[in-house]
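Structure first, then comments.
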Amino acid sequence: MIENIKNLTEVLDLVDNPVVITNSDNRIEFVNDAFTDLTGFTNDDMLGQNPNVLSSGQHDQQFYQDLWTTLDQDGRWQGRIINRKKDGEIFARQLVISAIGGEQSEGARYVAVYPLRGEELEGVEQKGLASLTNLPSRDFFFDRLSQALARARRDKLSTVLLVLNIDRFKQVNTLLGYEAGDVILSQVAERITGCVRDTDTVARLGGDEFAVILVGMRDELTIRKIVDKVQKALAIPFTYDGTEVRLSISIGVSAFPTSAFSEELTKELSNVEESLLSHADSALEEAKKQGQGSVEYHCKEVSDLVTNRVKIESDLYKALENDELMLNYQPIIDLLTENVVGAEALLRWQHIDRGWIPPAEFIPIAEDTDLILSIGDWTIRKALMDLKVWQDIGLPPLRVSVNLSPSQCVKGDCAKSVQEIVEEHKALANTLRLEITEGLMMENTQMVHEKLEGIKKLGVSMAIDDFGTGYSSLSYLTRMPVDTIKIDKAFIDNMENNSADAVLVDAITSMAHKLNFKVVAEGAETASQVSFLSQVGCDFVQGYFYSKPLPSDEFVEFCRRQNGDDKIRCEQISYHI
Ligand code: C2E
Ligand code: CA
Ligand code: CA
């Protein structure tokens, strides 16, 4: 047999196709001169090696598994493979592997032949798309699009489709060859994937055309940011074989539903996938007409999203003037006495046409504009006014917590505005607490720190909101003007099913106490959560178990019920939260 191989190898050295022969243990027995010309690896380098020394890392395990299954079943596999040369350079080539010499027996061998360019098979191109770029193919893309659209309808958020086409990609193929083209395409795919979230989908529609499905989009600004990111990522030059290649990409964008709240369109989901794609395609065509690197938004759909955002923005301006904003108060309960000791003020917007709009929807928009500054001031002022009313009608001295958006500290001068507001209600300064986020703490620029210190000097206290979701440590917080931490609802939710969260809540509480912080647990919904929090010595609880956020008059009623009318009259409740 070896004799035969020897004769065969002499012949193979004469042919132009690169060839690799492996034995039944998948160890290389021979590579021919054409293979050495292609990869730089000589016969001596490769003898006894597993062919995976050529692996480029561009294919996943599934790819190789499929290859072996086909080879075992059919005795032959062919497809596009991306491998690495001796100098590390990646190359993509068509490859045909055939099993010869019987079934896994002693003499079985695999002969891998790289066909010359002209012999590469038509149609394989299409089939090999996914393996070239490691991206889903067209069919899979349509599946994902249908899922995304169903979700958009359920969550009343938009799904956005980007269709991207590399400008003048033919030139890359013509000037540098198809191998270069393939390698660059796989890098393009990687860069696009790096610009979007894991929940989004990137697919290769064919040739030099890609698609991206962005799910859960709220507004047009976010879309523009992502589009911008993709364009910037692709503007960084690619290199192939020492040659620098600069690319630009044109993008067409369509969105569904046309407005995140349009009911009409969502009813006709049947053909939306196709029309979304054809709208993005025609936007892409428009973009191409405008020259390289252009982006075109399918006017009706995306402009509706813009309109939606612009409308919320302009309505929000009016909301302040028209008294559409109000505050609800969620009671904060002392776990020892079960008395109400304070409340968190939470913004509500009753829109004339749309009814209640949750803060999660309009606060990010207010934060993108300077509106958050006036809304923030309004909130503190209104909370103190309500607190004054509660005092006047005989409620005990409660403490009111107000959320301070990071923008109020970064863009605005929160210390100055809090000072002005507190001066209007001097007696109430030490009944006000501001809730700040870990993110703001971590910014810790001198300027932010000074502003927070300024607020503390006014007698106003501060709490860290959503503790545990960011990266700040308790010891770091001791250097900050903060006296309370609010453990995020996510930990409370999972305390019972996830013992790690239970241990964390316990540990955070005892460590916080040692460092002189008070602890509020947020979002407790069940009696067993409350009893666990009580056992670990948590000081206060705020959650639906006791009460949802309530309008001011209902909050007063709740306090009277919870604390007991008599208690309120007789007991002097100290400011201990
Ligand atoms: P947050 O500051 O973490 O407020 C607590 C949120 O958790 C509130 O939602 C509250 O209703 C909810 N919550 C409390 N207990 C429970 C519970 O047991 N179960 C469940 N499922 N939820 C509970 P809300 O009012 O929708 O506020 C959402 C977020 O909006 C707030 O989160 C805060 O970040 C922001 N926000 C609200 N009002 C203001 C404001 O006046 N200014 C600023 N800057 N942000 C605000
Ligand atoms: Ca809060
Ligand atoms: Ca919170």
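Structure above, values below:
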| item | result |
| --- | --- |
| Residue-span extension gain [Val503 to Asp143] - 0.36 nm each, minus C-alpha spacing | 125.5 nm |
| Exposure of Thr42 as accessible area (Å², to 10), given a probe of 1.4 Å and all protein chains | 60 |
| Cross-link partners of Lys416 among aspartates and glutamates (Cα-Cα below 20 Å; sequence separation of 8 or more within a chain) | Glu367, Asp370, Asp377, Glu424, Glu435, Glu443, Glu450, Glu453 |
| Leu38 - accessible surface, heavy atoms, 1.4 Å probe, Å² rounded to 10 | 30 |
| With all protein chains modelled, accessible area of Lys416 [1.4 Å, Å²] | 110 |
| Qualifying aspartates and glutamates (Cα of each under 15 Å from Cα of Lys232; at least 8 residues distant if same chain) | Asp167, Glu190 |
| Considering only the chain, percent of DSSP beta bridges that pair antiparallel, nearest 5 | 70 |
| FRET efficiency, 1/(1 + (r/R0)^6) with R0 25 Å, evaluated for Ser248 and Ser278 via beta carbons | 0.60 |
| Alpha-carbon radius of gyration plus Dmax, which is the widest Cα pair, for the chain in Å | 32.5, 108 |
| Accessible area of the chain belonging to carbon and sulfur atoms, whole % at 1.4 Å probe | 51 |
| Simple spin-label estimate for Glu525 and Val389 in nanometres, 7 Å along Cα-Cβ | 3.0 |
| Which of Ser475, Ser146 is most accessible, then next, and so on - probe 1.4 Å | Ser475, Ser146 |
| Modelled FRET efficiency - R0 41 Å, Ala235 with His449, Cβ distances, 0.05 increments | 0.65 |
| Zone residues, the range 390-406, relative to Arg560, backbone N less than 13 Å from point 7 Å out along Cα-to-Cβ | 390, 393-396 |
| Theoretical ellipticity at 222 nm over the chain - DSSP helices of four or more residues, -39500 (n - 2.57) apiece, nearest 500 | -14000 deg cm²/dmol |
| Å² of accessible area per residue within the chain, as computed with a 1.4 Å probe and no ligands counted | 47 |
| Greater than 31 Å apart at Cα, pairs in Lys170/Lys225; Lys457/Lys486; Lys86/Lys289; Lys229/Lys289; Lys229/Lys486 | Lys86/Lys289; Lys229/Lys486 |
| Estimated distance in nm for a label pair at Glu285 and Asp370, the labels positioned 7 Å out from Cα along Cα-to-Cβ | 4.5 |
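The values are calculated or read from the model by the stated rules, or taken from the named source; none is laboratory data. In this text the structure is predicted, and so the values were computed from the model without any measurement. For neighbour counting, all protein chains shown are included, and Cβ atoms are generated from backbone atoms with ideal geometry for every residue, glycine included. Please note that ligands, DNA and RNA were not included when accessible areas were found on the heavy atoms of the full protein model with its side chains. Shrake-Rupley method; radii C 1.70, N 1.55, O 1.52, S 1.80 Å.
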